[in-house]
Amino acid sequence: MTISLPNPASASSEEVKPTKKILCYGSPYLAEFYDIWIGLWDDTAFYSECLSQIASHTPPSEPVVVLDIGAGTGRITHALASNLPQHIANVRLLGLDMERHMLERAATLTDPAHADKISWVLGSACDLESVPAFRDEGLRADMMVFACGSICHLNVPGQAEQLFRGIASVLRPKTGKAYISVLKGGSSDNGVPDQMMTKPPPAEFRSRDFKDIIYRDTTTVLEVVDDIWHNTRHIVVSRVLEDGSERVVEDNIAEVKAKIWTEGELRRIAKAAGLRVVDIVDRHNDCRDELIFVFEVDV
Ligand SMILES: C[S@@+](CC[C@H](N)C(=O)[O-])C[C@H]1O[C@@H](n2cnc3c(N)ncnc32)[C@H](O)[C@@H]1O
């Protein structure tokens with residue numbers, strides 16, 4: 001499904017919304033706020049290079065198919081589209097996410113020159129077989145990306161198993177590769193990066209896209225219980241009025257329960273699904289370090 005552009009009225013409504021519990025991507029404002037927050041994750045050149053290598057193995061008669069799982073506002077997909085190597089003549093970029101507002105922003109940010117190559121697909125990482133390009137057109141993915149540690153969102157038992165079974169069934173055997181990023185643990189032994197265990201001071205950001213909008217972000221909960229990192233943030237969206245006073249537009253309680261994945265767990269679940277680890281890339285980004293597990297179908 002290629003989704004339509006958002007109705008701007010939904011983002012600029014002056015109606016004050018009651019306090020809402022959300023994941024943290026659940027409104028047009030929060031989709032923009034995500035982009036402000038993610039800013040410094042510099043992984044896109046890495047994935048473009050991977051695509052360049054993988055594409056040389058795709059049969060010339062078929063499109064090179066890339067699935068960006070948890071595509072969000074399209075950071076990775078847009079970068080891949082902008083940096084396509086010349087030898088890739090025919091490419092299909094599929095950006096999959098379960099949050100409509102993230103995909104609507106992704107669609108809004110799409111360069112018109114790339115629009116014919118990209119589909120934004122509303123759906124679940126746990127049901128990859130239902131992506132129309134795979135289910136209805138019979139395509140296979142040459143490359144899959146689940147970037148910047150987002151597999152942590154699969155925190156319910158059984159979800160990762162569904163993800164890996166889906167990868168195994170839609171990834172092109174022999175040449176297809178799936179890149180799954182996991183955040184690299186910090187100095188404590190709880191598997192969580194040090195920055196993520198330090199409560200940041202309350203922060204304020206001006207919107208770049210919505211006139212007179214300010215975001216205020218206060219972390220209220222930051223703890224690890226068993227293998228789940230709990231992070232609750234109070235994200236208030238306010239509009240600055242002409243007289244300088246402010247009106248709250250959204251009052252969000254963003255609760256993230258992020259599963260801390262270990263290498264052993266990932267290997268075990270992937271193996272059971274029929275995948276094998278062919279590489280683990282240790283990447284240092286400006287903001288966080290990650291390990292990118294590279295999987296192939298175990299033929
Ligand atoms: C940290 S953001 C990453 C966005 C983008 N890939 C990037 O690198 O900037 C995580 C994204 O994963 C999506 N997500 C989380 N769980 C998902 C699931 N089960 N199925 C599909 N998308 C999911 C969220 O909606 C969110 O947009």
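All of the numbers you see were taken from the coordinates with simple rules; none came from a lab. Owing to the predicted nature of the structure, the values given are computational and were not obtained by experimental measurement. Neighbour counts are summed over all protein chains in view; Cβ atoms, including those assigned to glycine, are modelled from backbone coordinates with ideal geometry.
Observations on the structure shown:
- Global geometry of the range 116-166, whether rounded, prolate or oblate, following the gyration tensor of its Cα atoms and the 1.5 cut on a/c: prolate
- Net charge over other residues, Cβ less than 14 angstrom from the Cβ of Leu291 (K, R count +1; D, E count -1): -3
- Fraction of beta bridges assigned by DSSP in the chain that are antiparallel (%, nearest 5): 65 percent
- In the range 211-251, the trypsin sites (Lys or Arg not before Pro) that fall in loop regions by DSSP, at most 15 other Cβ within 10 Å: Lys211
- Ranked Leu291, Leu171, criterion: other C-beta atoms within 10 Å, fewest first: Leu291, Leu171
- Residues of type aspartates and glutamates that Lys271 reaches as a straight line, Cα spacing below 20 Å, ignoring anything fewer than 8 places off in the same chain: Asp127, Glu129, Asp142, Glu161, Glu263, Asp279, Glu296, Asp298
- For Leu275, net neighbour charge (Lys/Arg +1, Asp/Glu -1) across residues whose Cβ lies under 12 Å away: +3
- Restricting the range 98-152 to GluC sites (Glu not before Pro) that sit in a DSSP loop and have at most 13 other Cβ atoms within 10 Å of their own Cβ leaves Glu137.
- The calculated FRET efficiency for the pair Ser130 and Lys174, based on their C-beta separation and a Förster distance of 22 Å, comes to about 0.35.
- A Förster distance of 22 Å, applied to the separation of the beta-carbon atoms of Gln159 and Arg276, puts the FRET efficiency at 0.60.
- Seen against the Cα atoms of the chain and their longest principal axis, helix 263-273 is set at about 60 degrees.
- What the Cα atoms of the chain give is an Rg and a Dmax of 19.5, 67 Å.
- Backbone phi angles across the range 117-132, fed through the Karplus curve with coefficients 6.51, -1.76 and 1.60 (θ = phi - 60°), yield HN-Hα couplings of 9, 10, 10, 9, 10, 7, x, 10, 4, 8, 9, 5, 4, 7, 4, x Hz in residue order; Gly and Pro are listed as x.
- A simple spin-label model places pseudo-atoms 7 Å from Cα toward Cβ; at Ser82 and Val240 they are separated by 2.7 nm.
- Net charge, Gly166 excluded, C-beta distance under 12 Å - Lys, Arg +1, Asp, Glu -1: -1
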